[in-house]
Amino acid sequence: MRAFKKLSIRTQVLAIGAVILAIIPLISLMAYLQSSEVIVNQNTQYNMELVSNLKQRVSDNYASVSSIMINLGYDTTVQDFLLEKDSLRIYELSKKVQSLMSVIKSTNPDIVDIIIINDAGKHASLQGSVGLAQNMMDKLIEGGGQVHYGGFYKANPVVVRDTFLFGMNLFAARDTQRYGEKAGFIAVVLDTKSIHREIEKFPRLSGTSFYLLTNEEELVYANPNGVELNLNKESLRHYSGYGESAVIEKISGKSYGIQTFALPEINGSIISAVPISNLIKELEGLKRTSYIMIMITLLLVTIPYSMLMMNILKPLGKLIAFMKRLKSGNLDVLHTKVELEGYAEIEVISTQFNTMLNRINDLTQQLLETTGELYQADIERQRAEMSFLQSQIKPHFLSNTLDAIKGIAIVKGNNEIFEMAAALSRMLRYSIKGANEVALEEELRIVASYITIHQVRFSGRIQFEQLGTEAFTGIVIPKMIIQPLVENALTHGLEPHVNGGKLIIQAKLKGEKHFEIIVSDNGVGMEQERLEQLQDVLQSRDRAANQHIGIKNVNDRIRLHYGEGYGISINSWLGEGTVIRMLLPLSAGSDKPASM
């Protein structure tokens, strides 16, 4: 709710209107969907009840065929035919068996053929469909005496109609030496129209499609609507596993309720496809009513919304547009006024806003005058700085002068002056080079030149040593970050010492991605209080700190260049010396040094 209050008035009005527009269609849609679901469920239940009757009729037909096969198979004449060995006698018995078959067929017109085969391969048949029976007999050679479904067969030159085949093994039942042994086989070929008629008796909704499948999704029957729908074999195989609960599917752009009913007696199933549109025709009136309600609601919302737009949103929009012009930096807008018409509150906003514009205009004039004065003062400061810079000696001139001093020192034979001038000249040229980063090797050469100057000044008092730096010479570092540390060590650590001392520069790995440069001396060191002050200076962000400016400058440069995780740490012991550690990252483009 709090977030909704923060939205603009336009957004809130639109949101409320949208909610109102959505509620009625949603209610209508829910009622429509619920009604549709009830109708579909009723049709599903109706189909289940009717198919249940159909399944019972199919079961009755199956039981009737089973009864015919058992009664005929164990008739005395048939048993004699199965067990007889004499050919002439078999022939006579086959005629009698055929007469029995004819009587049965006359009372059961759906029977196409009856075939009886004995163990010797002799047979009796009405239509000669012996091949079908023989194939089934071979498959059931080890079977018992139950009736088996043999499959569906399309019409062919031998069997002129679509048929179902049922078969059963026959056993010797008379008091003979072969009692209980398998004696032959009986098969009944049944016209599929027997089931077609049952399905056609099945009352159903107009437009419903029915399919009878058997023999692993072999299509046996499709009513005219099913033929028109023309589902392919792949689709029928897919739908045959749906079950008796209706499943809604899109077929050729229309929705159908699909149900499947198993017929285990013929190893098949019945699939029904009911068009949903036929089921919910009576709901079209409800849909039209919903559309009318939506239109009325739209009109009811549009009229008050338009009034709000005219009295509130329109003047507010005008104010927002004026503020955007002001925000764009067009100062001429300050000299104009915004005129808003609407409710009384809108006019109060207009008056207060115009008063604010006048005040802003006055303050802007004052700011422009103050800015002009500050700009003039800045120009004067820059002129003073320029004059100061022009008064300084140019570094190139100083470097050339040092080269001249070197020449004079050689002529005069003064090696100390030559070495000091040469070292100072190298340092000066290095400092004025354009690059901001250099290799560690080059930085150390300049540090060595600086130490050379002090060694000449304090002959025999200053010793210098490098440890491990040869493994890091290719690492790139910021220029002039070691020399200030060396200068600090010489000036504050070794020079005050009566006997001088030793300066050591060491480099070593620190983990996988970092390395340290350590500058240590065995000079006078410093007191704990002074050390803490220096450590506070290093942690301080005050650029104006004037003590230890060289060390702090190096520390700030490293942090600005690499980030807060890098920089200088310092430790010192009074009378023992000072150790400064500089943590740096290994350069991305440099080879990682060998472990030390």
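Rule-based calculations on the coordinates, nothing more; no lab input. Treat the numbers as computed from the prediction; the structure is a model and nothing was measured. In this analysis, Cβ positions are derived from the backbone assuming ideal geometry, glycine residues included, and neighbour counts consider all displayed protein chains.
Structural remarks
- About the Cα centre, charge dipole magnitude for region 96-158 (Lys/Arg +1, Asp/Glu -1 at Cβ), debye: 160
- Relative contact order %, region 74-195, counting alpha carbon pairs below 8 Å whose residues are six or more apart: 26
- Estimated distance in nm for a label pair at Ile141 and Glu234, the labels positioned 7 Å out from Cα along Cα-to-Cβ: 3.9
- Placing dummy labels 7 Å off each Cα toward the beta-carbon, the span from Gln535 to Ala15 is 5.6 nm.
- The mean sequence distance of close C-alpha pairs (under 8 Å, at least 6 residues apart), as a share of the length of region 461-585, puts its relative contact order at 28 percent.
- Each of Lys201 and Gln45 was given a label point 7 Å from its Cα along the Cα-to-Cβ line. The distance between the two points is 2.5 nm.
- In a DSSP loop and with at most 16 other Cβ atoms within 10 Å, the GluC sites (Glu not before Pro) in region 485-521 are Glu512.
- Prolate/oblate/rounded call for region 461-585, Cα gyration tensor, a/c under 1.5 rounded: oblate
- From the Kirkwood radius over Cα pairs of region 478-528, Stokes-Einstein at 20 °C and 1.002 mPa s returns a whole-number translational diffusion coefficient of 176 µm²/s.
- Dipole magnitude for region 461-585: about 380 debye, using +1 per Lys or Arg Cβ and -1 per Asp or Glu Cβ, origin at the Cα centre.
- 9 Å beta-carbon shell around Leu583, net charge (K/R +1, D/E -1): +1
- Taken about its Cα centre, region 74-195 carries a charge dipole of about 180 debye when Lys and Arg each add +1 at the Cβ and Asp and Glu each add -1 at the Cβ.
- Considering only Met136, Ser102, Phe166, the residue lying farthest towards the positive end of the dipole of region 74-195 is Ser102, judged by Cα position with unit charges set on Cβ.
- Cβ-derived FRET efficiency at R0 41 Å, Leu7 paired with Leu367, nearest 0.05: 0.70
- FRET efficiency, 1/(1 + (r/R0)^6) with R0 35 Å, evaluated for Asn156 and Ser36 via beta carbons: 0.15
- Pairs of Cα atoms farther than 14 Å apart, region 453-509, %: 61
- With a threshold of 25 Å on the Cα-Cα distance, the over-threshold entries among Lys96/Lys139; Lys96/Lys154; Lys105/Lys193; Lys55/Lys154; Lys55/Lys250; Lys85/Lys105 are Lys96/Lys139; Lys96/Lys154; Lys55/Lys250; Lys85/Lys105.
- Other residues whose C-beta falls under 15 angstrom from the C-beta of Ser520 contribute a net charge of -2, scoring Lys and Arg +1 and Asp and Glu -1.
- Subtracting the Cα-Cα distance of Asn553 and Ile360 from 0.36 nm times their residue separation leaves 65.1 nm of extension gain.
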